[in-house]
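Undergrad: What follows is a single structure, and I will ask about it in a moment.
The values are calculated or read from the model by the stated rules, or taken from the named source; none is laboratory data. Values in this document were obtained by computation on a predicted structure and should not be read as measured data. Each accessible area value is taken on the protein alone, full model and side chains, heavy atoms only, with ligands, DNA and RNA left out. Shrake-Rupley method; radii C 1.70, N 1.55, O 1.52, S 1.80 Å.
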Amino acid sequence: MPDDSPSTFNPFASAEITPPVSSHWAAKRELAQALRELSNTLVTSAPSEELLKQASATISELNKALANSPRYYGSQEFANTQEHGSRGELNYELNAIGGLSNPLSPGLNMWLEGKLAFGKVKCGYAYEGPPGFVHGGYVAAILDQFLGMAQIAGGQSGMTGTLHVRYLRPTPLNTDLDLRGSVDRVDGRKTVVTAELLANGEVTARSEGLFIRPSNTLKEMFEKD
Ligand SMILES: CCCCCCCCCCCCCC(=O)SCCNC(=O)CCNC(=O)[C@H](O)C(C)(C)COP(=O)(O)OP(=O)(O)OC[C@H]1O[C@@H](n2cnc3c(N)ncnc32)[C@H](O)[C@@H]1OP(=O)(O)O
């Protein structure tokens, strides 16, 4: 069973995308990207009703075929198989905001340069809130995930206790967005991290997160009996 021992896997050492652990996960990344493209097409097109119904039927068939394979519910269950990589590797694939094998994730890429954290992401039309702009919930989620990675520079990692976001201006869709952040202070199990989200060099949102290293172990928190 996985334990709390530190993993050597570190996808945040550079801006390079870390390769998948196996050809299986390479294929999953490809399918996730195809599904992202499908989502983008669905929310930006007006096909005939007939074509829409045909697409639903085709996709339902595909879903049935995929569902008829071994199933693992969540990254912990995948990790327990010991055939799909470590918990860290699986989080890198399946995470809701950064996971390359998760079609709902906008694919946030993040890394550390010394004590400074950097990130890049682009949100297509499926992430629209105000017309032409990224939904504020996604902005907050992207910042949360980014702050959660940046806290590593403080020497520990924990769960988000509080997240504060100040939305300065709307964040545009289909635009390369940059993130930068750093640890403000560490106080016992608490780490306070700040970050900015930028579009075309302008800050669109500023945030501060308080991360708390839990009193219980990862095993207690994430592994079911
Ligand atoms: C190593 C662990 C790694 C975890 C995975 C890392 C993944 C990172 C990915 C990140 C990206 C993804 C991000 C996500 O999506 S993370 C998902 C969103 N966050 C959560 O679901 C967190 C849910 N909450 C908890 O699990 C626990 O309550 C935590 C772990 C937060 C604390 O439970 P614990 O039992 O350990 O705490 P304690 O009672 O001993 O209190 C300790 C101190 O903290 C203070 N306090 C407590 N709660 C809060 C609060 N909410 N705000 C402000 N302060 C709070 C408390 O007053 C006390 O202060 P003091 O009296 O000492 O001054």
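Undergrad: I'd like the accessible area for residue 53: 1.4 Å probe, protein heavy atoms, all chains in place, Å² to the nearest 10.
TA: Accessible area of residue 53: about 130 Å².
Undergrad: Over 29 Å between C-alpha atoms is what I'm after, so list which of 28/115; 64/122; 28/120; 28/190 land there.
TA: Over 29 Å Cα-Cα: 28/115; 64/122; 28/190.
Undergrad: On to the next question. Can you give the extra length, in nm with one decimal, that the chain gains between residue 185 and residue 216 once fully stretched, where that is 0.36 nm per residue apart less the Cα-Cα distance?
TA: Contour length minus Cα-Cα distance gives 8.9 nm.
Undergrad: With all protein chains present, calculate the accessible area of residue 71 using a 1.4 Å probe and round the result to the nearest 10 Å².
TA: Probe radius 1.4 Å; accessible area of residue 71 about 120 Å².
Undergrad: Taking the Cα centre of each part, how many Å lie between segment 173-221 and segment 89-103?
TA: About 18 Å separates the Cα centre of segment 173-221 from the one of segment 89-103.
Undergrad: Using a 1.4 Å probe over the heavy atoms of the protein chains, calculate the carbon and sulfur portion of the accessible area of the chain as a whole percent.
TA: That fraction is 54 percent.
Undergrad: Something else now. Over the Cα atoms, compute the radius of gyration (one decimal) and Dmax (the largest Cα-Cα distance, rounded to a whole number) for segment 23-222, in Å.
TA: So, for segment 23-222, Rg and Dmax equal 18.8, 60 Å respectively.
Undergrad: Can you grab the distance from the C-alpha centre of segment 105-124 to the C-alpha centre of segment 153-169, Å, no decimals?
TA: Going from one Cα centre to the other spans 14 Å.
Undergrad: Once ligands and nucleic acids are excluded and a 1.4 Å probe is used, how much of residue 162 is accessible, expressed in Å² to the nearest 10?
TA: 80 Å²
Undergrad: Continuing with the same structure: Per residue, how much accessible area does segment 23-222 show when a 1.4 Å probe rolls over the protein heavy atoms, in square angstrom?
TA: 56 Å²
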